[in-house]
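The values are calculated or read from the model by the stated rules, or taken from the named source; none is laboratory data. Quantities reported herein were computed from a predicted structural model and do not represent experimental measurements. Note that we place each Cβ from the backbone using ideal geometry, even for glycine, and neighbour counts take in every protein chain shown. We work out accessible area using only protein heavy atoms, side chains counted, and drop any ligands, DNA or RNA first. Shrake-Rupley method; radii C 1.70, N 1.55, O 1.52, S 1.80 Å.
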Amino acid sequence: MRAAAAPVGGFGYDRATGQWSWSDELFSIFGFEPGQVVPTTALMASHEHPDDPQGFAGTLEEHVRRGHPFSLLHRLVDAAGHERWVTWVCTGRPADDAEPVRGVAADVSSQQQRAITDQANRHVSRALASREVIDQAKGVLMLVYRASGEEAFTLLRWASQRGNVKLIAIAERLLRAVRGGVDVGPGAREHVDDVFSAVLGGEGGDAGGGLHEPGAPADGSGARAPRIQAHLDVLGRAVVLRISGEVDLSTAPEFSGALTRLVAAARPPQPLVVDLRGATHLGSVGVAMLGLAHRRSESVGAGLRVVTGRGAAALTLTAGHGLDLYPSVERAVGG
């Protein structure tokens, strides 16, 4: 269906006398009968929309006085109280030309309303699409980590805040990584961990505080047994963090929080020690968290030393990760 043409009126402005002239159509745009009022700058100013910055009429008069070409869009309230969008166009006239400056004014209210509606519809469509992507990403996390919907969203939100990456961007990255399907075996957990370790590989975001641990409901009721245990000990002047359980994306907020507490308890120049001999799994997200803690420990003057023993951590960590690795806590403290 073809859109109706915008009502167009003509105007003139005599720079010598400051008088305006309107065509019948322009009177109609302002809501008047032809000749019902005398067109003046003050009259146009009285019809400026209250929600818009005031001064349009003065700006319009200044443009026509100077004779410069211009195109202006503004809202007005006509004599009947209706809101109208009006575009004013003038090709200009030399300053030494005594003839009135002339131009046209088009009521583009219907076109503007369609544009506003289309924009709103696009925003809604994007919002719905984003929600669908996030819901799908939550489903992946629920399947891989046996998490509830709320726990899965908490993981996405935590990674977003920690990595300083938009939530939708993380969700899209995760879905691209599992586009071929989701395996529920150990390989799937490592695959998903890798996606998030790439997001968390740099500094930024909160240290994990303020979010409940994924191993327990947000309201604290009916808590499941946590999948990792974290204990801080002091050996001499060295501070030791002992970790047991599975360190992956689902326990990353808890692991990150424990590392943050460890660095906060630093007693330079004594080292900080992370004992991972009790860890039954160490995913790439955990490795990324250790890298961040290592850089933070150096910034406070206390080196970070990681004890792997012969457990799962020893199979994951290598010298290539840039961490100081030790076979025992005694060697780490006294090394």
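Summary of computed values
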quantity	calculated
Residue in segment 275-296 that is open to solvent by 40 Å² or more (accessible area, probe 1.4 Å) and part of a helix (DSSP H, G or I) present	yes
Positions within segment 63-90 being more than 35 Å from the chain's Cα centre (by Cα) and of a type in the set (Phe, Trp, Tyr), in sequence order	Phe70, Trp88
Residue among Ala314, Ala265 that is under 26 Å from Gln161 (Cα atoms) and either open to solvent by 30 Å² or more (accessible area, probe 1.4 Å) or of a type in the set (A, V, I, L, M, F, W, C) (or both)	Ala265
Lone unmet requirement of (1) surrounded by fewer than 17 Cβ atoms within 10 Å (Cβ to Cβ); (2) over 24 Å from Asp96 (Cβ atoms); (3) among the hydrophobic types (A, V, I, L, M, F, W, C) for Ala16	(2)
Matching option when the condition is hydroxyl-bearing (Ser, Thr, Tyr) and either at pLDDT below 80 or at positive phi (or both), among Thr87, Thr117	Thr117
Elements of type helices (runs of 4 or more DSSP H) in segment 2-90, at least 1 residues being closer than 19 Å to Ser110 by Cβ and in contact with a strand residue (DSSP E or B) (Cβ under 7 Å, 6 or more places away or on another chain)	24-29
Filtered residue count, segment 91-105, keeping only those that are β-branched (Val, Ile, Thr) and part of a strand (DSSP E or B)	2
Failed item, numbered, when Glu330 is tested on (1) charged (D, E, K, R); (2) more than 27 Å from Arg189 (Cα to Cα); (3) open to solvent by less than 60 Å² (accessible area, probe 1.4 Å)	(3)
Unique residue being open to solvent by 40 Å² or more (accessible area, probe 1.4 Å) and under 21 Å from Leu156 (Cα atoms) when the list is Glu246, Glu254	Glu246
